[in-house]
Each structure stands twice: as C-alpha cells, then as structure tokens.
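One structure below.
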Amino acid sequence: TSLQAGFFDLERIEVLRGPQGTLFGRNATGGAIQVTTAKPSLDGFKAQLGGEIGNYDLYSTKGMVNLPLIDGRLALRLAGDWVRHDGFTRDIFGGGLPSRVDSRNLWSGRALLRWQPQADTTIDLIATHSAENDSRLRGQKQFCDTDPTGTLGCLPAALTGNGGAVNLNATFLNTRS
C-alpha cells in the first residue's frame, strides 16, 4: 500500500543497487529504495504550498510548514497532501457501483517534532496518518465475483454479484465495450 500513497515533503530518495541483505534483510536481493522524509529545521521558519488542477475534476495540493519553537533546540514540521479526482472508467454493467469508477480521494499528513537538548543528542518524534475513499481498480481491490478455479481472480461476466465486496484475489477485470 505504500506505493499507492503520494510522496510529499521528502529530503531524498536513495536507489541502492544489488543485494542489500546485510543492511535491509534477506529479502532485499535485488536492491532497495530508501525514502527519507524531510526533518524539522531548528534554524528558522519555512513554508511551501503547491497544487494542481486537471481533467476529471482533479484537485491536488501538497504543503509543509516548519516552525522553530525554541531557537536551536525544538522545532515542529507539519506536512501533508491531498488528491481528489473523479473516475476514469465507466461502469457499463450498472451493478450498484457508481457510474464511473477509478475515483480517488486521498489525504496524508505528517507531524514531526525535533528536540536537540545537546549538540550531540537529537530526538525526533514522528506521527503520520492517511485515509483514502475511492473506487480505484487495482490488482487487489477490484469489484468482482471470485473465480472458483483461481485462474482469473475475477469471473469475466460478473463484477458485483457478491454484493460489491472487494475480491482480494482479483488480478483481471473484463471491461466489455
């Protein structure tokens, strides 16, 4: 699910090639991607805000504010993003879904508190939260009947016969035209 969320207020992204089992565990045989969020700055006030508007009623915004609370000792950084758009795909079956699916309404927020009581001691506290309300068509969140053979994941002719419940085994979606 982390790849479905947006990236915001980052310090850096590191792409580490080759086996990284020593640093990141035995399942990092093909390398690793390390995402580092921006930390509070003790130096001064900073703020940033950006946004996008697009088709399918797309609205997106990202922002952050850095507040030094005690000069050189304590700072707070608040960051967040919000993405909202209508669906791209038309529901031609009319089985209880909205007329368009693939909509998204996602917001994420992060609060970071940095305390530096001494020059050689730094304590960071981080709280994050995100929420999503959508009808996106993803490999593991599709509205369809489960294929009892396990071959398709979804039955090609039935998308909502199971009451619109999410089929966690879905890998295929038939969108008859």
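Could you check how many residues of the stretch 26-76 are within 30 Å of THR89 (Cα to Cα) and of a type in the set (A, V, I, L, M)?
Summing the residues that are within 30 Å of THR89 (Cα to Cα) and of a type in the set (A, V, I, L, M) in the stretch 26-76 gives 2.
Just give me the residues in the stretch 6-46 being over 19 Å from the mean Cα position of the chain (by Cα) and under 15 Å from ASP81 (Cβ atoms), in sequence order.
Correct list: empty.
Among residues belonging to the stretch 87-130 that are among the aliphatic types (A, V, I, L, M) and within 17 Å of LEU42 (Cα to Cα), point out the one that is modelled with the lowest pLDDT.
ALA119
Check the stretch 17-34 and report whether any residue there is more than 24 Å from SER108 (Cα to Cα), in a strand (DSSP E or B), open to solvent by 50 Å² or more (accessible area, probe 1.4 Å) and without any contact (Cβ under 8 Å) to a residue 60 or more places away in the chain.
yes
I'd like the full set of residues that are under 30 Å from SER103 (Cα atoms) and more than 19 Å from the chain's Cα centre (by Cα), limited to the stretch 54-76.
The answer is GLY54, ASN55, TYR56, ASP57, VAL65.
Looking at the stretch 86-96, is at least one residue within 30 Å of ASP120 (Cβ to Cβ) and open to solvent by 50 Å² or more (accessible area, probe 1.4 Å)?
No, the conditions are met nowhere in the stretch 86-96.
How many residues does the stretch 38-55 hold that are assigned to a loop (DSSP other than H, G, I, E, B), loosely packed, with under 10 Cβ neighbours inside 10 Å and modelled with pLDDT of 95 or more?
Of the residues in that region, 0 qualify.
Here are some conditions: (1) part of a loop (DSSP other than H, G, I, E, B); (2) at pLDDT 95 or above. PRO156 meets all but one. Which one does it not meet?
(2)
The values are calculated or read from the model by the stated rules, or taken from the named source; none is laboratory data. Quick caveat, the model's predicted, so the values are computed rather than measured. For neighbour counting, all protein chains shown are included, and Cβ atoms are generated from backbone atoms with ideal geometry for every residue, glycine included. We work out accessible area using only protein heavy atoms, side chains counted, and drop any ligands, DNA or RNA first. Shrake-Rupley method; radii C 1.70, N 1.55, O 1.52, S 1.80 Å.
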